[in-house]
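Notes to accompany the following structure.
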Amino acid sequence: MALLNVENLQVSYGLIKAIKGISFHVDEGEIVALIGTNGAGKTTAMHAVAKLLTPDSGKIEFAGTDVTKYPAHKIVRLGMSQVPEGRRIFQELKVKDNLLLGAFSRKDKAEFSGTLEEMYSLFPILKERENQIAGTLSGGEQQMLAVARAMMSHPKLLLLDEPSMGLSPLYVGQIFGMIKKINESGVTVFLVEQNAKQALSLADRAYVLETGNVILEGTGKELLDDKNVRKAYLGEGE
Ligand code: ATP
């Protein structure tokens, strides 16, 4: 069953049409990736889903509800949580306080500590550093914190905008490993990525976005094996 269903989405910035009528869906339990080069419209599509941008037209359904006209805060309460591009953690606050702020929308306050412990077992480095000021963490640790913070709201769907951006290959591998574990714990994942190889290796299914249009879709493996994808997105020759 589709947890997220997007139909004929169009988004503009003034006269610039960034998303030109795309449709995609994410079924419960899946990891789905949207890949594409710089400027393809990935972040715009994600912001429209998270309701940070208002689409010109199209329909967005989440968990069986038409959320096209919902404000962002209401969608968080329905169970959608976003890790923005560039992480945007609270640099001046301690690691633990960043995590607790991630749970602001929860009504079941008593269960915070359970989720906090789950996050610490998934990301042991955050437990070690719980009293450290977040801005002093390395880039990879900050990305882990951003993912863990988004998980604190106990989402059904986790949205990740370029989780590999600016990270060394070692951290990229770790972050993708953690996304897989989060998915195995029952959370559905939708990510946008320029790092096509990593994203397609992780994803059950993926969509390829080019200048605001979906030009290809398939399983991660089908797209990894696709000659055109290999040439255009994985830097391989004929
Ligand atoms: P990147 O990986 O570089 O973030 P992207 O695939 O996420 O790329 P978007 O950031 O969604 O692409 O941008 C899609 C198009 O919309 C680009 O042509 C971009 O220049 C344009 N765009 C993005 N944000 C704005 C804005 N605030 N105002 C005007 N144009 C914008």
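Summing +1 for each Lys or Arg and -1 for each Asp or Glu, what net charge is found among the other residues whose Cβ lies under 11 Å from the Cβ of Val192? Each step should come with its number before you reach the end.
Working: positive: Lys42; negative: Glu85, Asp161, Glu162, Glu193.
With Lys, Arg at +1 and Asp, Glu at -1, the net is -3.
How much length is gained if the chain between Ser138 and Met1 is pulled fully straight, taking 0.36 nm per residue apart and subtracting their Cα-Cα distance, in nm to one decimal? The partial results should precede the final answer.
Working: separation 137, 0.36 × 137 = 49.32 nm, distance 3.85 nm.
Full extension of this stretch gives 45.5 nm more.
Nothing charged except the Cβ atoms of Lys and Arg (+1) and of Asp and Glu (-1): what's the magnitude of the dipole of the chain about its Cα centre? Round to the nearest 20 debye. Write out the running numbers ahead of the final one.
Numbers: 27 positive and 29 negative charges, 119 e Å.
That gives a dipole near 580 debye.
With the full set of protein chains in place, find how many percent of the accessible area of the chain is carbon and sulfur; take the probe as 1.4 Å. Don't skip to the end; give the middle numbers.
On the way: 5700 of 10980 Å².
On the chain, the fraction of accessible area on carbon and sulfur atoms equals 52 percent.
Given H placed 1.01 Å from N in the peptide plane, which residues other than close sequence neighbours of Glu30 have an amide H under 5 Å from its amide H?
Val189
In nm², what is the average projected area of the convex hull enclosing the Cα atoms of the chain? Display every interim value, and only then the final one.
Numbers: hull surface 51.2 nm².
Computed as one quarter of the Cα hull surface, the answer is 12.8 nm².
Let me spell out the model: positive unit charges on the Cβ of Lys and Arg, negative unit charges on the Cβ of Asp and Glu, origin at the Cα centre of segment 36-127. What dipole size does that give, in debye rounded to 20? Please report the intermediate quantities before stating the final value.
Working: 14 positive and 10 negative charges, 33 e Å.
Computed about the Cα centre, the dipole is about 160 debye.
Under 19 Å from the Cα of Lys59, which lysines turn up, not counting those fewer than eight places away in the same chain?
Excluding near neighbours in sequence, the set is Lys17, Lys20, Lys42, Lys51, Lys69, Lys74.
Run down the lysines and flag those whose C-alpha is under 28 Å from the C-alpha of Lys127, throwing out any fewer than 8 positions away in its chain.
Straight-line reach from Lys127, under 28 Å: Lys94, Lys96, Lys107, Lys109, Lys156, Lys180, Lys181.
Mind checking which of Thr136, Thr44, Met119 is farthest towards the positive end of the chain's charge dipole, using Cβ charges of +1 (Lys, Arg) and -1 (Asp, Glu) about the Cα centre?
So the residue furthest toward the plus end is Thr136.
What does the charge count near Glu130 come to, summing +1 for each Lys or Arg and -1 for each Asp or Glu among other residues with Cβ under 10 Å from its Cβ? All intermediate terms of the calculation are to be shown ahead of the outcome.
Numbers: positive: Lys94, Lys96, Lys127, Arg129; negative: Asp97, Glu128.
Value of the local net charge: +2.
Pick out which of Ile35, Ile175, Ile16 has the largest mean-square fluctuation in a Gaussian network model of the chain, springs linking Cα atoms closer than 10 Å.
Ile16
Give the angle, between 0 and 90 degrees and rounded to the nearest 10, that separates the Cα long axis of helix 169-184 from the longest principal axis of the Cα atoms of the chain.
Value to nearest ten degrees: 90.
Over segment 85-238, average the accessible area per residue using a 1.4 Å probe and give it in Å², no decimals. The partial results should precede the final answer.
On the way: 7330 Å² over 154 residues.
Averaged over the residues of segment 85-238, the accessible area is 48 Å².
In whole Hz, with x marking every Gly and Pro, tabulate ³J(HN,Hα) for segment 95-101 from phi via Karplus 6.51 cos²θ - 1.76 cosθ + 1.60, θ = phi - 60°.
3, 4, 5, 4, 5, 5, 5
In the Gaussian network model of the chain, springs joining C-alpha atoms below 10 Å, which of Thr115, Thr219, Thr65 carries the largest mean-square fluctuation?
Among Thr115, Thr219, Thr65, the largest mean-square fluctuation in the Gaussian network model of the chain belongs to Thr65.
So what is the relative contact order of segment 4-57, in percent, for Cα pairs below 8 Å that sit 6 or more residues apart?
Details: 66 pairs, mean separation 21.0, N = 54.
In percent, rounded to a whole number, it is 39.
Output ³J(HN,Hα) for segment 215-231: one whole-Hz value per residue in order, computed from phi by the Karplus curve 6.51 cos²θ - 1.76 cosθ + 1.60 with θ = phi - 60°, and x for Gly and Pro.
Karplus values, whole Hz, x for Gly and Pro: 9, 7, 8, x, 6, x, 5, 4, 6, 4, 8, 6, 4, 5, 5, 4, 6.
Any idea what the dipole of segment 84-174 comes to, in debye rounded to 20, about its Cα centre with Lys/Arg Cβ at +1 and Asp/Glu Cβ at -1?
Numbers: 11 positive and 12 negative charges, 42 e Å.
Charge dipole of segment 84-174: 200 debye, to the nearest 20.
What spacing in nm lies between the two simple spin-label points modelled at Ile16 and Lys231, each 7 Å away from Cα in the Cβ direction?
Output for this residue pair reads 2.9 nm.
Specify which residue in the list Leu209, Gly220, Met178 is farthest towards the positive end of the charge dipole of segment 170-224, using unit charges on the beta carbon of Lys, Arg (+1) and Asp, Glu (-1), about the Cα centre.
Positive-most Cα among the choices belongs to Met178.
Using a Gaussian network model of the chain whose springs link C-alpha atoms within less than 10 Å, name the residue from Arg149, Arg88, Arg77 with the highest mean-square fluctuation.
Evaluated over the chain, the most mobile residue of the options is Arg88.
Just tell me which lysines come within less than 20 Å, Cα to Cα, of Lys227; anything on the same chain fewer than 8 places away is out.
The qualifying lysines are Lys197.
Quick check on the chain: helices-only [θ] at 222 nm, where DSSP H runs of length 4 and up contribute -39,500 (n - 2.57) each and the sum goes over total residues. Nearest 500, please. Each step should come with its number before you reach the end.
Working: 10 runs with 87 residues, N = 238.
Value at 222 nm, helices only, nearest 500: -10000 deg cm²/dmol.
Just name one of Val187, Val11, Gly21: the one whose Cα is farthest towards the positive end of the charge dipole of the chain (beta-carbon charges, Lys/Arg +1, Asp/Glu -1).
Val11
For Glu28, put the label point 7 Å out on the Cα→Cβ axis and report which residues of segment 168-207 keep their amide N under 14 Å from it.
186-189
The values are calculated or read from the model by the stated rules, or taken from the named source; none is laboratory data. The structure displayed is predicted, hence computed values, not measured ones. No Cβ is skipped: glycine too gets one built from the backbone with ideal geometry, and neighbour counts run over all protein chains shown. Just so you know, the surface numbers come from the protein's heavy atoms only, side chains and all, with ligands and any DNA or RNA stripped out. Shrake-Rupley method; radii C 1.70, N 1.55, O 1.52, S 1.80 Å.
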